[in-house]
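Notes follow once the structure below has been shown.
The values are calculated or read from the model by the stated rules, or taken from the named source; none is laboratory data. Please read these numbers as outputs of a predicted model, since none were measured by experiment. Glycine also receives a Cβ, built like all others from the backbone with ideal geometry; neighbour counts cover every protein chain displayed.
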Amino acid sequence: MGKELLTATAGETLLLLGNEAIARGALEGGVRFVTCYPGTPSSEVPDTFFRLSEGAPYYFEYSVNEKVALEVGGGAALAGLPTLVTMKHVGVNVAADPLMTLAYVSAPGGLVLLSADDPGCHSSQNEQDNRIYARLGGLPCFEPATAQECKDMARDALALSRRLETPVLLRTTTRVNHVRGPVTVGAMPQTIEEKPFVKDPARFVPLPASARVMHPRLLKVLEAARAEAEASPYNTETGAGDVGFISSGVARNYLADVLEEDGLTGTVRVLELGLTYPLPEGRIAAFLAKCRTVVIVEELEPVLETEIRALAQKRGIAVVILGKGEHLPRNGEFSTANVRLAVHAVLGRETAEADTLSVPADLPKRPPNLCAGCPHRAAYYAVREVYGDTAVYSSDIGCYTLGFLPPFRAADFLLCMGSSISTGAGFARASGKPVVAFIGDSTFFHSGITGLVDAVAYNHDILIVILDNRTTAMTGHQPNPGVDTTIFGENPNPVDLMALIRACGIEPVKVNPLNHKATVAALTAFSEQHGPRVLVAEYPCPIHARRMGQAKKTLPARVAGDPEACLAVRDNLACPAFAMVDGAFSINAEQCDGCMYCVQLSADIKPGKKEAR
């Protein structure tokens with residue numbers, strides 16, 4: 001979607017991703033300041049703003065991490081600008097420190113935090129439910145279920161935030177972020193009301209004496225938000241009967257599909273919640289009073305279920321409340337299949353076995369793999385050649401996490417983004433074993449620097465390999481502070497990675513990982529040293545380099561004369577360009593990037609030696 005997101009007029013219908021719809025909704029809400037840290041499933045939102053930013057009425061930045069993104073955005077909201085901050089669910093963990101206090105301090109200009117959750121762990125290390133952050137921090141929470149609601153709720157969340165001068169959480173999930181549907185757009189504001197900053201330290205500086213006053217003020221804001229939820233058009237009731245369903249988020253779609261497909265629409269009561277926190281207690285209590293049994297249909301944690309059970313007890317409403325454990329799982333995504341099982345169980349209907357989800361056993365497997373020509377593959381190969389199984393490998397978040405698979409087996413543990421250095425240092429100190437920590441350039445800027453400072457301060461015995469592919473590859477090739485060029489133009493102020501490492505107290509060594517001999521020589525020298533050491537393996541991601549016009553695909557590598565050597569390279573390198581055709585080893589010309597790394601290796605491998613070194 002191009003400039004139509006900026007130019008479409010009220011009443012036009014666009015076919016949008018949920019993430020594109022969020023961008024349009026924020027624009028309709030008058031957003032003037034956008035910060036982010038990219039992360040699937042949220043990445044298309046900031047990428048859309050970046051793509052449209054030339055001449056647009058807002059400021060945009062890819063911040064160095066989520067904490068910084070929220071702090072910069074918080075400053076803009078304090079200055080009076082309508083602000084959007086975007087990240088994935090685990091990013092909110094990084095931003096949680098300022099988030100908890102920002103709700104106390106307030107956001108006069110309005111601030112919406114997009115938390116894109118990932119039930120099912122499609123691209124994440126956990127499937128935490130960030131509706132709990134709304135409760136923890138005291139943030140009104142919207143949960144869209146369609147592309148249209150993504151647009152409308154982004155707009156209305158920003159309006160509510162400005163009206164109540166409090167940050168608001170827009171909680172989406174992967175299926176909502178990546179749904180594509182028709183969206184009827186509204187009008188774009190020509191101007192926004194100015195909210196100039198007025199100095200008031202008692203309001204904006206949370207010293208203990210001030211913070212004690214800020215908390216009851218926040219509670220009053222939440223009660224005002226509860227009144228909004230009671231009247232919100234996003235909270236709707238339909239149907240009849242004494243069996244009811246309360247649903248939120250994308251689960252509303254699954255429930256609606258089941259009821260329509262099975263001819264049950266209108267025969268049961270349904271309360272759909274889109275503005276889910278603060279809980280519209282009056283509306284929910286009235287709904288419960290009409291039912292003998294109510295099923296709570298929500299993905300992941302029993303957040304609404306727990307609160308609604310407490311509400312029924314507090315109001316003395318005699319109703320059976322079912323949810324997690326009885327008929328619906330607490331982990332993973334919902335689907336029409338498992339929601340149908342719950343609906344039919346409550347209604348005493350038979351459910352055919354064919355209605356449950358099943359995956360055919362004969363589907364071809366497609367294991368995750370590094371791309372052909374990826375410099376990370378060469379770095380892993382060289383590290384394994386020098387350290388083998390004697391070292392313990394601390395991994396991090398990025399494309400290079402794929403090094404955990406054979407033949408490299410270069411990931412023994414991983415906690416979170418930026419953790420490889422700190423966790424590896426702790427493991428090395430506790431175990432006395434050699435540790436190699438892998439971290440990408442973007443991840444190092446995000447949250448690896450402090451780990452390096454700690455490793456230097458305490459002389460931890462660890463080799464840190466910074467895999468610098470000159471971009472933030474896994475989430476869509478967004479820029480990071482160290483790159484020279486992006487697909488959007490030159491970076492006028494690149495941060496010098498080597499100088500930054502030196503400033504932390506280490507003299508790093510830089511290699512081109514596709515130069516096998518030089519990389520092995522540097523690693524061998526490091527293996528004989530102790531204390532913190534840093535190897536920067538720098539070579540651009542070939543896909544990104546081609547997109548920027550800085551690299552052209554070269555001719556495919558030629559198969560070496562010794563077929564045994566070629567087969568050994570295949571087993572040791574696992575390049576997707578390698579193929580077996582009619583029982584013979586070959587190189588797929590369409591896949592091959594022409595990096596020639598395999599040619600360097602095939603000359604060194606003796607026939608019959610096929611195990612990773």
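Structural remarks
Each row is one residue, and each column tells you yes or no for (1) closer than 20 Å to Asn65 by Cα; (2) touching a Leu at 6+ places or on another chain (Cβ under 8 Å); (3) at pLDDT below 95.
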{"residue": "Leu6", "(1), (2), (3)": "no, yes, yes"}
{"residue": "Gly11", "(1), (2), (3)": "no, no, no"}
{"residue": "Leu14", "(1), (2), (3)": "no, yes, no"}
{"residue": "Glu28", "(1), (2), (3)": "no, no, no"}
{"residue": "Val31", "(1), (2), (3)": "no, yes, no"}
{"residue": "Pro38", "(1), (2), (3)": "yes, no, yes"}
{"residue": "Val45", "(1), (2), (3)": "yes, yes, no"}
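- Residues that are more than 29 Å from Pro46 (Cβ to Cβ) and touching a residue at least 40 places away in the same chain (Cβ under 8 Å) within segment 474-507 comprise Gly505, Ile506, listed in sequence order.
- Criterion: among the charged types (D, E, K, R), in contact (Cβ under 8 Å) with a residue 60 or more places away in the chain, surrounded by 15 or more Cβ atoms within 10 Å (Cβ to Cβ) and closer than 26 Å to Asn459 by Cα - qualifying residue of Glu333, Glu385: Glu385
- Condition check for Val320: in contact (Cβ under 8 Å) with a residue 40 or more places away in the chain and of a type outside the set (D, E, K, R): no
- Residue satisfying condition, being in contact with a helix residue (DSSP H, G or I) (Cβ under 8 Å, 6 or more places away or on another chain) and among the hydrophobic types (A, V, I, L, M, F, W, C), within set Val320, Val294: Val294
- Single unsatisfied condition, Leu136 versus (1) touching a Ser or Thr at 6+ places or on another chain (Cβ under 7 Å); (2) farther than 27 Å from Ala286 by Cβ: (1)
- Selected residue (only one of Asp484, Asp496, Asp441 is surrounded by 15 or more Cβ atoms within 10 Å (Cβ to Cβ) and charged (D, E, K, R)): Asp441
- Residue within segment 32-42 that is out of contact with any helix residue (DSSP H, G or I) (no Cβ under 6 Å at 6 or more places or on another chain) and in a helix (DSSP H, G or I) present: no
- Taking segment 53-160 as the region of interest, the strands (runs of 3 or more DSSP E) fully inside it that hold 1 or more residues being of a type in the set (Lys, Arg) and under 28 Å from Ile397 (Cα atoms) are 83-88.
- Listed by first and then second residue, the pairs linking a residue in segment 4-30 that is at positive phi to a residue that is outside any loop (DSSP other than H, G, I, E, B), with Cβ atoms under 9 Å apart and 6 or more places separating them unless they lie on different chains, are Gly11/Thr184; Gly30/Arg155; Gly30/Leu158; Gly30/Ala159; Gly30/Arg162.
- Test: residue in segment 528-536 that is under 22 Å from Lys67 (Cβ atoms) and outside the structural domain of Ala69 (by TED's automatic domain parsing): no
- Verdict on Pro368 being outside the structural domain of Leu514 (by TED's automatic domain parsing) and surrounded by fewer than 24 Cβ atoms within 10 Å (Cβ to Cβ): yes
- Segment 524-539: number of residues that are surrounded by 20 or more Cβ atoms within 10 Å (Cβ to Cβ) and assigned to a loop (DSSP other than H, G, I, E, B): 2
- Meets criteria (farther than 21 Å from Arg155 by Cα and either under 17 Å from the mean Cα position of the chain (by Cα) or in the same structural domain as Asn19 (by TED's automatic domain parsing) (or both)) for Ser43: no
Listed here are the residues, each with its yes/no results for (1) without any contact (Cβ under 8 Å) to a residue 60 or more places away in the chain; (2) surrounded by 15 or more Cβ atoms within 10 Å (Cβ to Cβ); (3) under 26 Å from Val320 (Cβ atoms).
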site: Ala209; (1), (2), (3): yes, no, no
site: Glu223; (1), (2), (3): yes, no, no
site: Gly239; (1), (2), (3): yes, yes, yes
site: Ser247; (1), (2), (3): yes, yes, yes
site: Glu260; (1), (2), (3): yes, no, yes
site: Gly263; (1), (2), (3): yes, no, yes
site: Gly274; (1), (2), (3): no, yes, yes
site: Pro278; (1), (2), (3): no, yes, yes
site: Ala286; (1), (2), (3): yes, no, yes
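Here's the yes/no breakdown for (1) out of contact with any strand residue (DSSP E or B) (no Cβ under 9 Å at 6 or more places or on another chain); (2) within 25 Å of Glu143 (Cα to Cα):
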| site | (1), (2) |
| --- | --- |
| Ala286 | no, yes |
| Val297 | no, yes |
| Ala312 | no, yes |
| His327 | no, yes |
| Phe334 | no, yes |
| Pro368 | yes, no |
| Ala378 | no, no |
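- All positions within segment 9-54 that are in contact with a strand residue (DSSP E or B) (Cβ under 6 Å, 6 or more places away or on another chain), of a type in the set (Gly, Ala, Ser) and more than 20 Å from Leu169 (Cβ to Cβ): Ser53
Here's the yes/no breakdown for (1) farther than 22 Å from Met100 by Cα; (2) surrounded by fewer than 24 Cβ atoms within 10 Å (Cβ to Cβ):
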residue	(1), (2)
Pro140	no, no
Gln148	yes, yes
Ser161	no, no
Thr166	no, no
Pro189	yes, yes
Ile192	yes, yes
Arg203	no, yes
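Table: residues versus (1) within 18 Å of the chain's Cα centre (by Cα); (2) closer than 17 Å to Cys374 by Cβ.
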site	(1), (2)
Thr390	no, no
Gly398	yes, yes
Phe408	no, yes
Ala430	no, no
Asp441	yes, yes
Thr450	no, no
Ile462	no, no
Thr472	yes, yes
Gly476	yes, yes
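- Highlighted here are the helices (runs of 4 or more DSSP H) found entirely within segment 240-336 that include at least 3 residues which are of a type in the set (Val, Ile, Thr): 303-315.
- Residue within segment 95-110 that is crowded, with 24+ Cβ neighbours inside 10 Å and of a type in the set (Phe, Trp, Tyr) present: no
- Among residues that are outside any strand (DSSP E or B) and modelled with pLDDT of 85 or more, Cys566 is not included.
- Filter pass, Arg558 being under 25 Å from Thr443 (Cβ atoms), surrounded by fewer than 18 Cβ atoms within 10 Å (Cβ to Cβ) and either at pLDDT below 80 or of a type outside the set (Gly, Ala, Ser) (or both): no
- Residue pairs whose Cβ atoms lie under 6 Å apart, separated by 6 or more positions or on different chains, with the first residue in segment 57-75 and under 20 Å from Val205 (Cα atoms) and the second assigned to a helix (DSSP H, G or I) and among the β-branched types (Val, Ile, Thr), are Lys67/Val94.
- Criterion (surrounded by 20 or more Cβ atoms within 10 Å (Cβ to Cβ) and among the hydrophobic types (A, V, I, L, M, F, W, C)) met by exactly one of Ile449, Ile466, Ile506: Ile466
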